[in-house]
1. For chain A, what's the radius of gyration and Dmax over Cα atoms, in angstrom?
2. Let me check I've understood the local charge: for B:V110, count other residues with C-beta under 15 angstrom from its C-beta, Lys and Arg +1, Asp and Glu -1. What total comes out?
3. What does the charge add up to near B:L175, with Lys and Arg as +1, Asp and Glu as -1, over the other residues with Cβ less than 13 Å from its Cβ?
4. Taking Cα pairs under 8 Å and at least six residues apart, what relative contact order does chain A come out at, in percent?
5. For a quick size check, give me the Cα extents of the stretch A:62-144 along its three principal axes, largest first, whole Å.
6. Pairs of Cα atoms under 8 Å, at least six residues apart: use those to get the relative contact order of the stretch A:313-401, whole percent.
7. Return the loop-located GluC sites (Glu not before Pro) in the stretch A:443-542 (DSSP other than H, G, I, E, B) with at most 15 other Cβ atoms within 10 Å of their own Cβ; answer none if there are none.
8. How long is the stretch A:505-556 along each principal axis, judged by its Cα atoms, biggest number first, in Å?
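Any read-out appearing in this document is the output of simple, stated calculations on the displayed coordinates, not a laboratory observation. All values derive from a computational prediction rather than experimental measurement. With ideal geometry, Cβ positions are generated from the backbone for all residues, glycine too; neighbour counts draw on all protein chains shown.
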Amino acid sequence: MSTAVIEKDRAVAPKKPKKIKLDIGTKTALIISVVLLLLMVVFPLLNILTRASEGTGREVFANILESAVTRKIIMNTIVLGVIVATVGTVIGFFLAYAQVKLNFRGKKLLHVIALVPLITPPFAFATAVISLFGRSGIITRDLLGLTPTLYGLPGLTIVLSCSFFPVAYMSILGMMRNLDPALDEASASMGASKLRTFFKVTFPMLIPGFASSFLLLFVEASADLANPLVIGGDYTVLSSRAYIAINGEYDVPAGSAYSLILLIPGLIVFIVQRYWGERKSVVSVTGKPTGTQTFVENKIAKFFLLVIPVLVTSFIVLIYATVIFGSFAKFLGVDNSLTLDNYRYIFSGVGYDAIIKTTTMALIATPIAGLLGMVLAWLIVRKVRRGREFIDFLGMLGLAVPGTVLGIGFAITFNDVVKIGDTTVLPQLAGGGAIFGGAVAIVMVYTIRSSPAGQRSGIAALQQINPAIDEASASLGASGFRTFRKITLPLIKPALLTGLMFAFAHSMTTLSPIIFITTPETPIMTQKILAEVDSGRFGNAFAFCTLLIFIVLGVMALINLLVRGKSTNTANTPIVRA
Amino acid sequence: MDQTVKATTSSSNLQLRNLSKVFGQGNEKVTAVDSINLDINPGEFITFLGPSGCGKTTTLRMIAGFETPTAGSILLDGQDMSALTPDKRPMGMVFQSYALFPHMSVYENVAYGPRTKKMPSAQIKTEVEAVLESMSLTTMANRSPNQLSGGQQQRVALARAMVMRPRVLLFDEPLSNLDAKLRAQMRIEIREVQQRLGITSIFVTHDQDEAMSISDRIVVMRNSKIEQVGLPAEIYLRPASVFVADFIGISNFLEVASVKASTEGMAKVAVLGKEIEVPAHKDSLTKRSILLVRPESIRVKKAQAGNQTISGTQGRVKQVVFYGEHVEYRIETEIGVIVAVASDPIYEEIVQVGQYAEFSFDPMRSWLLPADTH
């Protein structure tokens, strides 16, 4: 039937009857979201491009070929990205494999622990790792009598791999769950052993998953700013170089230029991924599993398959224990006696202000980001035919662009009034002297960094909903917008929930874009943590991290309660089919 | 079902004028519907029948407004619908997947349309309850759609479309997800409701039995075009083309020689060495033609003992399928394999595989039609 072709665009043909137009509500939603995206991503990026082409910026580009220092920085960034992407993908795969193919006690717990790094503030890992394994670390020096050099590539590898592997884990897990068990059964029925089935059937089908998570991790790791600042030592990468250029040398063109180089891998990966995404039909999403999942029963195989997952999750638990214990210790590793001094310090000083303001701004940004993501998803999947790829691209750009780049873009764009010709269209939004102490720009950054997650999960959820459901609503007289409110939104509520929770956690733990636009009037928790770590007050940093983690968990629980509570018990059930 | 849902005051007529739909652009253009014309009478039950990809669903979706025609117009009681979005068209649709809203109860599903129309709530309650009652769904009102059986879901989908009192009801293969028995039962229910309310209806299916049993008229589609429009009996017994004959039911096509005109609507042809007079399509005299004989028109009897020849009228039985009320034979003959159906067979007279059988047919039960298949 025509289902295969209805996706195609309408053809231009002679004697065209009047075109059916989008209704007002849909059109408004489309215009508002596109304007927001242009303002929050495209505009800052264009400004970076302009500034990077000025004097010192041009020098940076010229130096790529000439200066050994610049080349070294670029090489460092690539090496770090490749190592972390490899390690993270391998860890992610073993964890996913254990979840899908192994039967063991504590499987759920392993899953939860594996996701914990997603909500961990950027310095928690680095600081805890230094305290445990550094030159004067509790484990290395006190227990083993070693004094290793952790600063630099080794430390960055450990910390970044642990921070980012959940991304790989989630994407590979999703893919493995979607593999039809009947394929395994078919392979077995043709006489293949479990091992042969794995290498000949399972593994080849997972290659796109590996590739995409590798690329994703590469971008995340190569663009990270927080950890290179704390544990990078003299291993300089592009993001830390850009940070120094702007915050230390006050050389905006050079900073823009470094960040522009950083943007390149991000954009390439983003485009490759989209191309790949179109083609990943190798994975058989049949909806109805036709067989039952078989588990690996061989004891020896099971043991070896579980080594990595157990080690990694234990490590995460250890880190968390260190962070929490460290927040109550006088000086972890030196004086382990318990105290509340760290918390007292935070609540007495500027820390309290940072907690309140960061949380408030994240709470403002979260619903905006969630809604923006869902509206974009809906427009892309259901409403817009021509240009949907472009809107999708614009929407995802907020995440595809490294935080450092976005931060610099915001700083140079919104630190001044925005003018079109001679008319001021926007007041100064960022930096000292900005309206609301620069809070508007920060909320904007939170929003644009978080909405892509909502957009992705919204698109995935919408694609699972039979378009006939929307059509049924239309044929019953509902406008496009009423259909969105009454039918689509309730059906994608679980996705919305995920989007909202991610948005909040992401906002609370983000540093790289914020560090360039934070002001004394609006202190940000992650930036405060950096300051504490920088001045060696690890206890305060641990206390901050602990508080941050609990705020994130608390708000996530609250969102869960709010969004789930209102929905009916059938909201999670998928499309009705006979 | 009772009569609580009142019939719409007047039935509507629907006209399709040069309706076309082209998907894609440039080199990837696919013509899904090619300039079709059709007049549907008020209160008529029309079925679009055809193989996959023939354009029947696209046509339906253009009528509903989900696809924009590339050319042509859709007139409802003379008013052009082309510029109206689906929500502005007075048409109800029943989807193949039912498309029930999974987050709403049965009642809420049915009330969705009236609520969208901002009907007074008292009226909504009365109307929804009446429709549910008429579809025997009252006890299911508070259930969630996925707590219902396939047949019940189907009824909710129908109730939801009917409560809007549409001027046209559109059905997109609504029975294809049901098992055979339920399908037959729902056919009758749909037909009954449609006749009671007199709603002009269009039903898309690829199931010929469904089309034959439910429709006033059948529109057979092929390769984006209408192949034939006619009453079910006309489509089956007087097909306009080999395609139609072949698509609906089983056909034996016999080569004919020396076609000559006879009395009105008849032709003299030589077939299997005999000259007979058969009903003929008007084009069969001018074009190369072929004789259609349906399996049930062929009489089969055991060949006389010892007579084991294969000729034009006798052959060896290759396959015997026993259905209970009839037996289906496949007989290898000089002119190819002939399919014959013997209804209400006498046990002793059933011919076994490998045995030889004579066959014959009544010329009045055959049909001469043009042989070319375009």
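1. Calculated on Cα positions, Rg and Dmax stand at 24.9, 85 Å.
2. Within the 15 Å Cβ shell, the charges total +4.
3. -2
4. 20
5. 57, 36, 24
6. Rounded, it is 12 percent for the stretch A:313-401.
7. For GluC sites (Glu not before Pro) across the stretch A:443-542 that sit outside H, G, I, E and B with at most 15 neighbouring Cβ atoms in 10 Å, the list reads A:E521.
8. 29, 26, 18
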